[in-house]
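Engineer: I have a structure here, written as structure tokens, and I will follow up with some questions on it.
We did not get these values from a lab; they are worked out from the coordinates using the rules stated. Small disclaimer: the values here were computed from a predicted structure and weren't measured. As a convention, Cβ positions derive from the backbone with ideal geometry for all residues, glycine included, and neighbour counts pool all protein chains shown.
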Amino acid sequence: MIFRKTTLAAAITAALAAGPAAAVTFTDPTGDDKGPGTYTYPTDGVYKAGSFDLTKLTVKAKGGNAEFAVEQNSTLEDPWGMGVGFAVQMVFIFIDTGPGGHTETPPGVNAVFAAGQEWDKVVVLSPQRKARVVGEATAKTGAMAKDIVVPNITKGTGKTIKASVPLADLGGGDVETFGYQVVMQSNEGFPAGNDFLTRKVNEYEGQHRWGGGNDADCDPHVMDVLEGPDATQAGQLAYECGPDGKTVKAATLRMIKK
């Protein structure tokens, strides 16, 4: 009994000395799941209103892991039988852990990051099996594949998609000091060309295609992103296409920090 009390006291003392777990939370406006302002949902009923409307990102460091929780403005459903509590969403969490990094995004996102706002790691929350996501990343993303982090398990419950990864996979560091950007995309099991499991945006919506964009690949295939004091969604996702469908101005994302 004395041993048990001593052990418990030591554990309590260690926990108090360690202090609270590091955590950071960002909120995002509701009703802005329209990309740059013009995007419309696909026509199939599986794409429920609000199901790509990002409302909150929470990141916690706990027990050597970084825990991610992404909330959206609709109760998650699994109409395609993915078995993980959600099906139509796919979330990219871009993380700036220090100087340098990537300005390009995985193929099919159709956006870049501003100079000085580069991402070092991106955590992909997908309802597809980890092996499929990793395989697609290896085959399609080139040099950035080594910085794409796929959790072993991703789950959806209520309105929240959750996963954790070893903090070491992000290069270590303090999650409270990192910069973040969240891209809401749609899980695509049959991606076009070299796209990394992303669903396209066209001029007109279709059964499984977003509308309100451009039939060429000059528009961002992004439904919602995190806003910050100097980074509105409309400003970040503004783009311009030439008459030939080539990109004149790419959507340019920025990191959000506390």
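Engineer: Order of 183-189, 57-63 by packing, highest average Cβ count within 10 Å first? Show your work: numbers first, answer last.
Structural biologist: Working: 183-189: 21.4, 57-63: 17.1.
The densest-packed peptide leads the list: 183-189, 57-63.
Engineer: When all alpha-carbon pairs of segment 21-253 are counted, what percent fall beyond 25 Å? Let's see the in-between values first.
Structural biologist: On the way: 9436 of 27028 pairs.
That tail contains 35 percent of the Cα-Cα pairs.
Engineer: I would also like to ask the following. Got a sec to turn the phi values of segment 120-127 into Karplus ³J(HN,Hα) couplings, 6.51 cos²θ - 1.76 cosθ + 1.60 with θ = phi - 60°, whole Hz, x for Gly and Pro?
Structural biologist: So the J values, rounded to whole Hz, are 9, 9, 10, 9, 9, 9, 10, x.
Engineer: Going by alpha carbons, how many degrees (0 to 90, nearest 10) lie between the helix axis of 2-18 and the longest principal axis of the chain?
Structural biologist: For 2-18 against the chain, the angle is about 40 degrees.
Engineer: Defining a contact as two alpha carbons under 8 Å apart and six or more residues distant in sequence, what relative contact order in percent does the chain show?
Structural biologist: 24 percent
Engineer: In straight Cα distance, which aspartates and glutamates are under 12 Å from residue 62, not counting same-chain residues fewer than 8 positions off?
Structural biologist: 174
Engineer: Do you know the relative contact order of segment 121-248, to the nearest whole percent, from alpha carbon pairs under 8 angstrom that are 6+ apart?
Structural biologist: On the way: 165 pairs, mean separation 21.5, N = 128.
So the answer I get is 17 percent.
Engineer: Now, a different point. Pairs of alpha-carbon atoms within less than 8 angstrom and 6+ residues apart define the contacts here; what relative contact order does segment 27-148 have, in percent? Show your work: numbers first, answer last.
Structural biologist: Values: 171 pairs, mean separation 20.9, N = 122.
So the answer I get is 17 percent.
Engineer: Using just the helices of the chain, give the 222 nm mean residue ellipticity in deg cm²/dmol: DSSP H runs with n ≥ 4 each add -39,500 (n - 2.57), and the total is spread over all residues, rounded to 500. Intermediate results must be reported in sequence, preceding the final value.
Structural biologist: Working: 3 runs with 33 residues, N = 258.
Helices in the chain give a 222 nm mean residue ellipticity of -4000 deg cm²/dmol.
Engineer: Still on this structure, I have one more. State, to one decimal in nm, how far the label point of residue 216 lies from the label point of residue 238, with both points 7 Å from Cα in the Cβ direction.
Structural biologist: 2.0 nm
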